[in-house]
1. Classify region 90-292: rounded, prolate or oblate, from the alpha-carbon gyration tensor (a ≥ b ≥ c, eigenvalue square roots; a/c under 1.5 rounded; otherwise prolate if a/b is larger than b/c)?
2. Listing 205, 248 from the residue with the fewest other Cβ atoms within 10 Å to the one with the most, what is the order?
3. Fewest Cβ neighbours within 10 Å first, please rank 162, 91, 267 accordingly.
4. Subtracting the Cα-Cα distance from 0.36 nm times the residue separation, let me have the gained length for residue 278 to residue 179 in nm, one decimal.
5. Fewest first, what order do 90, 237, 222 take by the number of other Cβ atoms within 10 Å?
6. Using only Cα atoms, locate the centre of region 141-183 and the centre of region 203-238, then give the distance between them in Å, rounded to an integer.
7. Name the shape class, rounded, prolate or oblate, that the alpha-carbon gyration tensor gives for region 170-269, where a ≥ b ≥ c are the square roots of its eigenvalues, rounded holds for a/c under 1.5, and otherwise prolate holds if a/b is larger than b/c and oblate otherwise.
8. Classify region 96-216 from the C-alpha gyration tensor, please: rounded if a/c falls under 1.5, else prolate or oblate depending on whether a/b exceeds b/c.
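Just so you know, all these numbers are worked out from the coordinates, no wet-lab data involved. Being a predicted model, the structure only gives us computed values, none of them experimental. In this analysis, Cβ positions are derived from the backbone assuming ideal geometry, glycine residues included, and neighbour counts consider all displayed protein chains.
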């Protein structure tokens with residue numbers, strides 16, 4: 001018997017070992033109930049308040065055998081991005097409740113009207129589209145819409161909706177967008193900017209801009225911090241990124257990167273990359289709109 005990560009294991013087929021002996025490298029298949037490693041995407045089979053989870057089994061290598069415990073090699077800590085991806089995969093079926101907050105309804109009506117108007121007759125690339133809330137607004141007036149997200153769980157929800165026109169959904173990493181077959185005349189990202197680590201923002205923007213035609217209009221929409229409505233900030237790291245502790249319906253808690261840039265922060269971020277920069281501050285949200293420089 002050994003104890004690893006708080007679990008007692010009975011090893012079969014291993015004989016002649018004494019306390020302190022070395023074991024050959026051994027893999028134990030641990031279920032999700034036996035080891036809590038990095039969050040793994042939940043498979044959302046439907047969104048009637050339930051999520052059916054399929055969790056791959058984790059392998060943990062036992063390195064030494066001792067009288068009290070075995071020493072195990074666990075997964076390294078997740079990156080900020082991996083943690084965010086896992087969180088939104090698990091949150092897919094409850095995500096759109098955030099748009100039901102009563103105090104935010106007036107601002108949301110303004111945002112929906114803005115999106116429908118500014119993207120009229122454009123060919124739009126939407127990144128981090130999530131469950132398709134803003135995709136549906138885009139489809140009302142845009143000429144074409146390609147909507148992407150890294151999470152299949154969120155995309156499954158988005159694909160299940162009805163749209164005013166055909167929308168192309170693709171699973172893409174916002175940090176490593178492909179060379180699309182078309183050049184887009186407009187771009188939207190709603191509620192993604194706040195999850196980008198400050199140190200990665202410039203590199204992300206340069207990569208994003210390369211898929212657009214000259215003169216394309218880019219729009220970012222995200223939250224302002226409002227005491228009493230926003231989830232409190234729980235932590236600030238050495239780079240100035242802020243985090244929130246969030247709890248999901250399944251009882252899990254997640255520390256999520258969530259930055260709240262000021263208007264000067266937004267303007268400074270695109271100062272060398274864009275022209276015709278406009279920032280609008282609503283009570284609960286902000287809008288950044290601009291034309292990238294140097295797209296060709």
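1. rounded
2. Final ranking by Cβ density, sparse to dense: 248, 205.
3. Lowest count first: 162, 267, 91.
4. Residue separation times 0.36 nm, minus the Cα-Cα distance, leaves 32.9 nm.
5. Ranked by crowding around the Cβ, least crowded first: 237, 222, 90.
6. Going from one Cα centre to the other spans 18 Å.
7. It is prolate, given that a/c is not under 1.5 and a/b is the larger ratio.
8. rounded
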